[in-house]
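Only one structure is covered here, and it is reproduced in the block below.
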């Protein structure tokens, strides 16, 4: 009986995380069939993860508040890009210029988030469709502003490096310039870097310490219980990671060749994770949860449902604006009219890969999904080259996986919801 129960538990877990398992298997197969080294793979993976985490994490709060997957974070990305264009137009750079971009983008993102939240309240129950339309509509206004208003309504010098030769509109590509030369590229990254192996040892040690302290605290509060398999597994993983890191340092393995970790971005990601977890324990966070579970019950309980939903969208939009600034300073080049176009799709696909749904999302799912989704992006052309002899097929497969994972995850969610409703009836 115990064995059957365990098999059912494992089967249920596999069914709930089928998308994640597909991506994990895809990555492992890619590592086996291609000539990719672990050092190169982790260098690419960590670089992508640092610059994408903020954008994926910005989706969590709207999901908790019952708004579903907010494709509308593209509006926040536009706010971040407008701020960067403003900063670069006046020639500001370095960490000061980056902070100014954050300062300029915040009120814009708050305004955009408030307007988007008002629209979501008018389209209750169809928020995800509305968020897609918001992105397309905002993109039209964004292009109208940068292609026509700047130069015709807002007079600018035609010889400015950001302005097109005819004096109307912003150039399609803007070089952000190196931070040490007065630009924005690596302005945050260059605050400090530490070796990759050192970073994973520190992070695994901190997580292990927190797990141990949590167990000690529960014992002191009289909640001493037998450790759950999940807690034991997490502790074992932390110890294993620490052991691998120490072994890599002693043997000078290929992991030592992984590019260094930018401390500034890593600290910001950790702070954002702590903020989200801490927010969920506050009165506002509990209101988000109650609104997400049942708007009617929340309203009867005295919660201003519309206001809480708008606040959730504003927080998400502001995070997306900051995330796009972090992304672009890492890339170093702003593709003015296209850099924001796939932000919503890629972020939604990432969080779904981690096991999230339209009604449930956590920090762990966002981080895990970001890792697996970007691992797929790295391995796609390598698998295309190894299996088919053409890396271009891997590029096509990327697009298929992006939209396929969104469709599969949403389809599974609807199927499970219908099944649960039938059982309830």
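The values are calculated or read from the model by the stated rules, or taken from the named source; none is laboratory data. Computed from a predicted model, the values in this text were never measured in an experiment. All Cβ positions, glycine included, derive from the backbone under ideal geometry; neighbour counts span all protein chains shown.
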Fill in: Criterion violated by residue 281 - all others in (1) farther than 28 Å from residue 61 by Cβ; (2) surrounded by fewer than 16 Cβ atoms within 10 Å (Cβ to Cβ) satisfied
(1)
Worksheet entry | Sole exception among (1) in contact (Cβ under 8 Å) with a residue 12 or more places away in the chain; (2) surrounded by fewer than 22 Cβ atoms within 10 Å (Cβ to Cβ); (3) over 21 Å from residue 371 (Cβ atoms) for residue 263, by number | (3)
Worksheet item: Any chance the stretch 381-395 includes a residue that's crowded, with 17+ Cβ neighbours inside 10 Å, closer than 30 Å to residue 189 by Cα and at pLDDT 70 or above?
Response: yes
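Please verify whether the stretch 256-268 includes one or more residues that are within 26 Å of residue 112 (Cα to Cα) and not in a loop (DSSP other than H, G, I, E, B). Before the answer, list the steps.
Just the residues of the stretch 256-268 that are within 26 Å of residue 112 (Cα to Cα), to begin with: 265, 268.
Still in the list and also not in a loop (DSSP other than H, G, I, E, B): 265, 268.
Scanning the stretch 256-268, I find at least one residue that is within 26 Å of residue 112 (Cα to Cα) and not in a loop (DSSP other than H, G, I, E, B), so the answer is yes.
Suppose we keep only residues that are closer than 13 Å to residue 85 by Cβ and surrounded by fewer than 24 Cβ atoms within 10 Å (Cβ to Cβ) within the stretch 334-360. Which one would you say is modelled with the lowest pLDDT? Spell out the reasoning first.
Within the stretch 334-360, the subset closer than 13 Å to residue 85 by Cβ is 334-337, 339-340.
When the remaining residues are screened for being surrounded by fewer than 24 Cβ atoms within 10 Å (Cβ to Cβ), the result is 335-337, 339.
Numbers: 335: 93, 336: 93, 337: 93, 339: 90.
Filtering the stretch 334-360 for residues that are closer than 13 Å to residue 85 by Cβ and surrounded by fewer than 24 Cβ atoms within 10 Å (Cβ to Cβ), the one modelled with the lowest pLDDT comes out as 339.
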Item to complete: Look through 16, 35, 4 and report the one residue that is at pLDDT below 90 and within 19 Å of residue 377 (Cα to Cα).
Response: 35
Item to complete: Could you tell me which numbered condition residue 71 fails, if it satisfies all but one of (1) in a helix (DSSP H, G or I); (2) buried (at least 23 other Cβ atoms within 10 Å of the Cβ)?
Response: (1)
Worksheet item: If you go through the stretch 125-179, how many residues are part of a strand (DSSP E or B), buried (at least 16 other Cβ atoms within 10 Å of the Cβ) and under 27 Å from the mean Cα position of the chain (by Cα)?
Response: 2
Discussion item. With the requirement that a residue be surrounded by fewer than 21 Cβ atoms within 10 Å (Cβ to Cβ) and at pLDDT 70 or above, what does the stretch 399-409 give you?
Written reply: 399, 400, 403, 404, 406, 407, 408
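Check 108, 55, 119 and return the single one that is within 19 Å of residue 331 (Cβ to Cβ) and part of a helix (DSSP H, G or I).
55
Is it the case, given these coordinates, that residue 270 is without any contact (Cβ under 8 Å) to a residue 12 or more places away in the chain and surrounded by 12 or more Cβ atoms within 10 Å (Cβ to Cβ)? Lay out the reasoning, then the answer.
Details: without any contact (Cβ under 8 Å) to a residue 12 or more places away in the chain: yes; surrounded by 12 or more Cβ atoms within 10 Å (Cβ to Cβ): yes.
Yes, satisfied.
Does residue 146 meet the test of being over 25 Å from residue 59 (Cβ atoms) and in contact with a strand residue (DSSP E or B) (Cβ under 6 Å, 6 or more places away or on another chain)?
Yes: the conditions hold for residue 146.
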Worksheet item: Can we say residue 63 is assigned to a helix (DSSP H, G or I) and in the same structural domain as residue 385 (by TED's automatic domain parsing)?
Response: yes
Worksheet item: So residue 178 clears everything in (1) out of contact with any strand residue (DSSP E or B) (no Cβ under 7 Å at 6 or more places or on another chain); (2) modelled with pLDDT under 90; (3) in the same structural domain as residue 329 (by TED's automatic domain parsing) except one condition, right? Which one?
Response: (1)
